[in-house]
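The values are calculated or read from the model by the stated rules, or taken from the named source; none is laboratory data. Computed from a predicted structure; not experimentally measured. Here the Cβ positions follow ideal geometry from the backbone for every residue, glycine too, while neighbour counts run over all protein chains shown. Surface accessibility is based on the protein's heavy atoms, side chains included, excluding ligands, DNA and RNA. Shrake-Rupley method; radii C 1.70, N 1.55, O 1.52, S 1.80 Å.
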Amino acid sequence: MSTITFDAVSHAFGERQVLRGIDLRLTEHRIGIVGANGSGKSTLVRMINGLVAPSSGTVSVDGLDVAKKAREVRRLVGFIFTNPDNQIVMPTVQEDIAFTLRRRGLSAEEITQRTTAALHRFGLAGHADHPAHLLSGGQKQLLALAAVLVADPKVLVADEPTTLLDARNARHIGDLLRSMSQQVIVVTHQFALLEGFDRVIVIEHGAVVADGVPEDSLDAYRALLA
Amino acid sequence: MTNRTLAARDLAHIAIFAALIAALGLPGALSIGAVAVPITFQTLGVMLAGAILGARKGFFAVALFLALAAAGLPLLSGGRGGLLWFTISPSTGYLYGWLLAVVVIGYLTARLLPKYPFWPAVGATALGGVVAVYLLGIPVTAINLGLPLWVAIFDSAKFLPGDLLKVVVTVLVARQVHRAYPGLIAPLARRSSSGTAPAQVDSAPTA
Amino acid sequence: MIGLYSPGRSVVHRAPTLLKLVLLSVGVVVIGVLQQPWQLAVAALVVLTLFVIARIPPRAAVAQIAPILWMLVIVVPIQGLLAGWLVAGLMAGRLITAVALAALFTLTTTVTSVLEAFQRMLRPFGRWIDADRIGLLVALTIRCIPLVTEIVTEVLEARRARGTRGSVMALAVPVVVRSLYAADALGEALVARGLDD
C-alpha cells in the first residue's frame, strides 16, 4: 500500500474556505470518505492526484510532493469520477482504454495486449469497437474503471462512483472496488459501498470530524445527520 | 503550460464547441427564398464559439467542425458532409466565412469584456457573424453558380432576419455565460495584469 | 466512424486518399473550364463510369446530389433569362458533374483516411501545429458529439415538460452552460488520465 499524507492542508475557492488544516496519513487498503454535499470531500480527494492544488499545506504520495511531481503522482494514482460520460474521452470503447496507455509511450503490441486483457476483465470484450456513448450507464462506469486500471496504478481514487447507477450496477462496481489488490479511496454517500473497508473518514465543513473503523465513523456520521 | 500547447481544459472547450455546432445542425435545415442555402442554427453555434471561447479557441472549434464535415461525416445541417460542400457548392463561401466570423467576434469580444455592453457587443457579433460571413459567402455563390453578383446579394438577403436574430441571441447568451462563468476569455482591453490566470484544472468541483 | 462512406472494395475505394484528392481537384478544375456540350457529356460519362465501377448504390448517390438539384431548379431559369439557355444548361451540367465527382470521393473514402490525409498535409507546418494534439482533438470531438447532442435533447425535453416553448434563449443558455460544465469535467479527466505526461 502507498502512503498518502496531508500535512496542514487548507483550501479556499475565492472567499469560500473548503478545507481547513487537514492532517491525514492514509496507509490502509480500503478507505472510505463520507460527508455532506459541499463538505469538501471531493476537493480533498482531488488533491491526491493534483487536480486541485491546496492553497496551503502539502499533499504527498509515497514521499512525492503532489504539487511538484504531479506527473509522477498521476501515474501512481488513478481517478474515477461520478459521471463516466465526462470521463470517456475517445469515440470507441477500445480506443478509450488504449488512450491511457498511449500517453505512456508503450509499444503498439503491449497496448493491444493490455487493452484486450482489460476488455475481458471488465466484461466489455463484446463491445470493443462500439461507440462508447451507446453503452449503458453501468457499462460506462465499467469502461471508466477499465480505462484507469489498465495503466496499473498503485492507488485508485473514486469520487462517488455509484451515485448515478442503479442498485444492481452500484453493487457490481462496489464488488469490483472491494476485490481490487490496489489501495482504494472512495468518496460516497452510499454506506453499503463501504462494507469491509478498513477505515472511514467523515468530513464536515472542511474538517475531519470522525476517523476510524467503518462502524464507529458511520455511527458518528449518522449522529451528525440526525 | 506554454502558449503553443493547449491545456487540457482548452482542448475540452474546443471539442465541446465543435460538437455543439454539429449538434445544432440536427433539427434540420430550413430553406427559404430562391437559391436554397439551408438556414440552420449552426451559425448560432459559430457566433457563440467566438463570443464565449474567444478568437483562438473558437477558431479551432470551427475549423475542427469543418474538417470533420469535409472529411465526410454528415455534420452539416440536413446531414450533409464531404468535400463538395467546401469546393463547388454554392454555399461554400459561407462555410469559410465562419472561420473569419469566429476570429472577428472572438477578438472584438475580448476587447469588450469584462463589461460587455449590449449594443457594442451586437455590433461586434454582427460584424463577424453577418458581415464577414456574407463577405465570403456572396461572391462564392455568384462564382459557383455563374450568376451576377447582384443576384447573389439579393439572394443572401433572405438570411438576414434569421442571422440578425442569432446575433442578438448570441450576445444575450454570452452575457449570461460570462457573468456566471468568468475567465473564459482574457479581456484584451487592459494590459494583461501579470499571470493572474488560475491553474487550468483548479476549478471548483461540484460536491 | 462511418459517416457518408459507402463500403466497397473497388479500385476507386482502394486508391490512395491523397491520389484521389489530387485527381478530384484536377477533375473539378477541368470540368469548370469545359465550354462545349460534347466535352461535358464525355466528362459526365467518365464520372458515371466511376460510380458504376465503385458500385455505389444509386440511392446513396442521389442522396448526395439531390440538395444541389433543388438549387438548380431555381437558378437555371434565372440564368436562362439573364444569359441564355445554353449558358444556363452548361452551368447546371458542370455543377452536377463536379458535385457528383466530389460526392464519389466522399462515398468511397473513409473518414479516418481523409483525416489522416489532412494530417499529412499539415505536416509541413509541424513547427506551428502539433499533429498529435490535432489527432487527439479530432477523436475528442467525435466523442463529444453524442455527449452534446444528449444535452441538447435533454434541454429540449425539459423545456417541453415545463411547457415553455418558443424562446431560443431558454434553449441556448442551459445548453451552453451545461456544455461548459461537461468541458470542465472532461478537461479534468484528461489531466487525471495523463494528458500532460
Interchain or sequence-distant (5+) residues whose placed amide H lies within less than 5 Å of the amide H of residue A:211 are A:202
Taking the Cα atoms of the protein assembly as shown alone, what are Rg (to one decimal) and Dmax (as a whole number) in Å? 27.4, 92
In debye to the nearest 20, the charge dipole size for chain A, taken about the Cα centre with +1 at each Lys and Arg Cβ and -1 at each Asp and Glu Cβ, equals 440 debye
For the stretch C:36-43, in residue order, the Karplus 3J(HN,Hα) values (coefficients 6.51, -1.76, 1.60; θ = phi - 60°; whole Hz; Gly and Pro = x) are 9, x, 5, 5, 5, 4, 4, 4
Rounded if a/c under 1.5, otherwise prolate or oblate - chain A, Cα gyration tensor axes: prolate
Taking every DSSP bridge whose two residues both lie in the protein assembly as shown, the antiparallel percent to the nearest 5 is 55 percent
Among the DSSP beta bridges whose two residues both lie in the stretch A:131-220, what percent are antiparallel, rounded to the nearest 5? 50 percent
Using a 1.4 angstrom probe, figure out how much accessible area the protein assembly as shown has per residue, in square angstrom, rounded to the nearest whole. 44 Å²
In terms of modelled amide H atoms, which long-range or inter-chain residues lie less than 5 Å from the amide H of residue A:183? A:2, A:156
Could you pull out every residue, at least 5 positions away or on a different chain, whose amide H is within less than 5 Å of the one on residue C:109? Hs are placed 1.01 Å off N in the peptide plane, and Pro or chain starts have none. C:6
Of all accessible surface on the protein assembly as shown at a 1.4 Å probe, what whole percent is carbon and sulfur? 62 percent
Kindly provide the helix-only [θ] at 222 nm of the protein assembly as shown, computed as the sum of -39,500 (n - 2.57) over DSSP H runs of four or more divided by all residues, to the nearest 500 deg cm²/dmol? -18000 deg cm²/dmol
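Would you please name the trypsin sites (Lys or Arg not before Pro) within the stretch A:60-98 that are DSSP coil residues with at most 12 other C-beta atoms within 10 Å of their C-beta?
Passing both the DSSP loop test and the Cβ count: A:68.
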Name the residue farthest towards the positive end of the dipole of chain C from the options C:106, C:15, C:40, assuming +1 on Cβ of Lys and Arg, -1 on Cβ of Asp and Glu, about the Cα centre. C:40
Quarter of Cα convex hull surface for the stretch C:130-192, i.e. mean projection, nm²: 5.0 nm²
Rounded to the nearest 100 Å², the accessible area buried between B and C, both sides, probe 1.4 Å, is 5100 Å²
